[in-house]
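Read the structure below first, then the notes.
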Amino acid sequence: MKSLLVAVLAAIPLLNMASGYGGSLLSYLAIVMALALLAWPRSAPSPDALTATGYRVFIVLMCLPMLTVVLSQWAKHGWSSSDIERAFRLGPSVVILLFALLRIDEQKLRFAILGTLGAAVVGAATVLELALTTSGRPVTGDYNAVSYANLLLLFGCMSLYSLAVPFSRHPRAERIAKLLITAASVIGVILTFTRSTWMAFPIFAAIGLVLFFPKIRPVRLVAAMLAFTAAASALAFSSSGFRERIYLAQQEIHECMTQNDRADSSVCIRVQLARAAWHMFQQDPWLGSGNGKRYEQSLPRLQEAGIVSEYVTNNFGETHNDMLMAMASYGILGASALLIVYFAPAVVFLRRLRQPLAMPARASAAMGLALCLSFVVFGLTELMFRGMRTISMYGMLIALFLALSHPRSATGSPAERR
């Protein structure tokens, strides 16, 4: 049972990058297996896991998003089972998985991380194939280019952090493979010509520096982070396609702000979607519309009011921004719930990253922190929580990295503590 659950967790990110099917279904299977594991007396965890009092506040916080969704829907008569399911996957399911995973041996559980490395390999290979066989910008059939590039860079950085997590008896070959995966992921992101993905790079750099140089001084941390960011920027600008999209963005911003605020350009469409979301939020700042689907339903009316163009009304049904979507749908309560989903686990990961734990545990904390903070940044220009599969993967990875970074009585071998 435990080995199968680890395999399922490893397969979820891999399937999400490889195809549009399977990841969401496996998340259901993981929850069922977690419940079975919790109900199985012989799988009782060690006493230190049972008395993990530090999770009490976390459990309460992670249940609040679902409560806010139900409250808003009840008050606004906007019942939506899919929105409730989203809140469940981002909240209570994380808690269920976490306490089930704490019953699995750490040495066995860490192999689930290989799923993120495999996802990076699949993502990089997919982008490379599209770049070689199609003209223009590589676009996968399951994610749009921005979401795919976002996840690819995230998994590539997780591969880098996993240098501190041994998986085999061949450390040299393992390190080379992980570095190659990271490099391939970065190249893949460059080939997507995606602009906003690079906004998260300083965060990834800072987390990596703290992981591998825990005693680094703040001034040196900032200097090194800026140096790595500058190097990454130079690498990205070496692509003519990327440069063209940067120049295009400048032109679109100028047009949208000075000439036509309803231009059907990439940047101005996002401005219109944000304007529409803000208008809906102002109608009821506390509870929002009470249903995520009401945003799309409101666009024709907003078009008549001159807030969005006809093209936006006919081709877009979401905000391209997670926070604005939460605000339009569920008001201040929804925005607070989203902040909890981001920062409740992020605070735990940051604290563990700075603690003198074994390197594999700190690396897992680094991966979890990168996951939370990158979704904050990525969510500014893309609706990362659009699909159930991404929502499920986020919740599953949060639980996985919390379990792997959990301070245990046995901290691993001497090699792992170095």
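Read-outs: derived from the displayed coordinates by stated rules, not from any lab. It should be emphasised that the depicted structure is a prediction, and the values quoted were computed from it without experimental measurement. Glycine also receives a Cβ, built like all others from the backbone with ideal geometry; neighbour counts cover every protein chain displayed.
Which residue is nearest to the chain's Cα centre (by Cα), if the candidates are limited to the range 130-151 and must be more than 19 Å from Arg245 (Cα to Cα) and not charged (D, E, K, R)? Explain how you work it out, then say what you get.
We begin by selecting, within the range 130-151, every residue more than 19 Å from Arg245 (Cα to Cα); these are 132-133, 141-143, 151.
Of the ones still in play, those that are also not charged (D, E, K, R) are 132-133, 141, 143, 151.
Numbers: Leu132: 28, Thr133: 29, Gly141: 20, Tyr143: 14, Leu151: 7 Å.
Going through the qualifying residues, I end up with Leu151.
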Q | Single condition Arg243 does not satisfy, out of (1) over 22 Å from Ser298 (Cβ atoms); (2) not in a helix (DSSP H, G or I) | A | (2)
Q) Picking from Ser162, Ser93, Ser147, which residue would you name as being buried (at least 24 other Cβ atoms within 10 Å of the Cβ), touching a Leu at 6+ places or on another chain (Cβ under 9 Å) and at negative phi? A) Ser162
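Mind checking whether some residue in the range 250-271 is outside any helix (DSSP H, G or I), of a type in the set (Asp, Glu), closer than 30 Å to Gly288 by Cα and touching a helix residue (DSSP H, G or I) at 6+ places or on another chain (Cβ under 6 Å)? Walk me through it before giving the result.
First pass over the range 250-271, keeping only residues outside any helix (DSSP H, G or I): 259-265.
Add one more test, that the residue is of a type in the set (Asp, Glu), and what stays is 261, 264.
Still in the running and closer than 30 Å to Gly288 by Cα: 261, 264.
Subsequent filtering for residues that are touching a helix residue (DSSP H, G or I) at 6+ places or on another chain (Cβ under 6 Å) retains 264.
Looking through the range 250-271, at least one residue is outside any helix (DSSP H, G or I), of a type in the set (Asp, Glu), closer than 30 Å to Gly288 by Cα and touching a helix residue (DSSP H, G or I) at 6+ places or on another chain (Cβ under 6 Å).
Scan the range 130-155 for residues that are of a type outside the set (Val, Ile, Thr), more than 25 Å from Lys108 (Cβ to Cβ) and assigned to a helix (DSSP H, G or I) and jot them down. Break it down into steps so the answer makes sense when it comes.
Just the residues of the range 130-155 that are of a type outside the set (Val, Ile, Thr), to begin with: 130-132, 135-138, 141-145, 147-155.
Those still in the list that are more than 25 Å from Lys108 (Cβ to Cβ) too: 130-132, 135-138, 141-145, 147-153.
The answer is Leu130, Ala131, Leu132, Ala145, Ser147, Tyr148, Ala149, Asn150, Leu151, Leu152, Leu153.
Take the residues in the range 319-339 that are touching a residue at least 12 places away in the same chain (Cβ under 8 Å) and surrounded by fewer than 20 Cβ atoms within 10 Å (Cβ to Cβ), then tell me which one is farthest from Tyr394 (Cα to Cα). Even if it seems obvious, please write down each step before you answer.
In the first step, residues of the range 319-339 are kept if they are touching a residue at least 12 places away in the same chain (Cβ under 8 Å); the result is 319-338.
When the remaining residues are screened for being surrounded by fewer than 20 Cβ atoms within 10 Å (Cβ to Cβ), the result is 323, 332, 336.
Numbers: Met323: 16, Ile332: 22, Ser336: 18 Å.
Only one residue fits best here, namely Ile332.
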**Q.** Total residues in the range 363-378, condition surrounded by fewer than 24 Cβ atoms within 10 Å (Cβ to Cβ) and more than 9 Å from the chain's Cα centre (by Cα)
**A.** 1
Q. How many residues does the range 379-405 hold that are among the small types (Gly, Ala, Ser) and surrounded by fewer than 23 Cβ atoms within 10 Å (Cβ to Cβ)?
A. 2
Q.
What's the total number of residues in the range 66-119 that are closer than 14 Å to Ala399 by Cβ and not in a helix (DSSP H, G or I)?
A. 4
